Amino acid sequence: MTTSQHILACIDGSAVTESVCDYAAWYASRLNLPVGLLHVSDIPASVRRDLSGAIGINSRQFLLDELSQLDEQRAKVVNSYSNALVQDAKSHIKDSFADVNVRIYQRHGKLLPSIEYFKEENRAIVMGRRGEDHKNSRINIGSQIETVARASDIPILICSETFKEPSSYMIAFDGSKTAIKAAWMVAKSPLLKGLKGHIVMVGNHNEAAKQSMSAAAAKLEDAGYIVEAHHLSASDAVDGLLTFQVDNDIDIMVVGAYGHSKWQQLFLGSTTTEIIASTLSPVILVR
């Protein structure tokens, strides 16, 4: 395993795979890093069972041999699919981002342990908003997003729609530690430099939060960013943020991820999840 960083693109063959590849390649090109294409195959457990009981030993052994062959065939098919998927994804990236280097990673098991295996190399993670297991779901959030976001301390870009090169961004700001971290992350990274920026707070916040937003905007300007600060009135923070996004044609959102614990969300819900579920634009999560 190499020690240099990459932008890790998690692909699964769903309809958002091309979007994930494109946004990962864009992210990588902005930071002059390679893309790491990761496909994780979760091969089901063997269907073999202890067939002792009513049938004889010879019949039982014959069935076990047959099931063993089926297990081997299934593993070969899964591996062949994974090989084809990552090679197609690499070709897709090279067609549009010829200068971006692409690494290929294939692992068996679950997604989160596979991501954590590359923890030292991961500069950022790119995931699709809708995965294979939610392709017919009304709320288009892949089941893995929150799990990965809660375990990661690096930015995660969530996307779904056809790639559009961003020319503007907005930072959703509420004065929380995660919002402040999101603004600081933008200021320290070249990712969004040169794009038109907005830092937006919705609702009746106290003076400390307003001063915090002003400080974050000043930090961004000092780092050479073009940014405007906005304090808006709206009955619902998510509606206010999304209305601002549409009205100002914002291409990408930056959001502090999951500020509440899972226990608190049972009662409070999650602004982060609402934003991801309610916008088709890419969202960068910062925890």
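Values quoted throughout were computed directly from the atomic coordinates according to the rules given, and no laboratory measurement underlies them. Treat the numbers as computed from the prediction; the structure is a model and nothing was measured. Note that we place each Cβ from the backbone using ideal geometry, even for glycine, and neighbour counts take in every protein chain shown.
Show me the ranking of peptides 105-111, 61-67 by mean Cβ neighbours inside 10 Å, starting with the highest. Each step should come with its number before you reach the end.
On the way: 105-111: 15.7, 61-67: 12.7.
Ranked from most to least packed, the peptides come out as 105-111, 61-67.
Each label was represented as a point 7 Å from its Cα along the Cα-to-Cβ direction; for Lys110 and Arg74 these points are 1.9 nm apart. If R0 is taken as 41 Å, the Cβ-Cβ distance between Asp42 and Ser233 corresponds to a FRET efficiency of 0.30. If you wrap a convex hull around the alpha carbons of the stretch 166-286, what volume per residue comes out, as a whole number of Å³? Hull volume normalised by residue count: 96 Å³.
Charge tally around Met201: other residues with Cβ under 10 Å, Lys/Arg +1 each, Asp/Glu -1 each, net 0.
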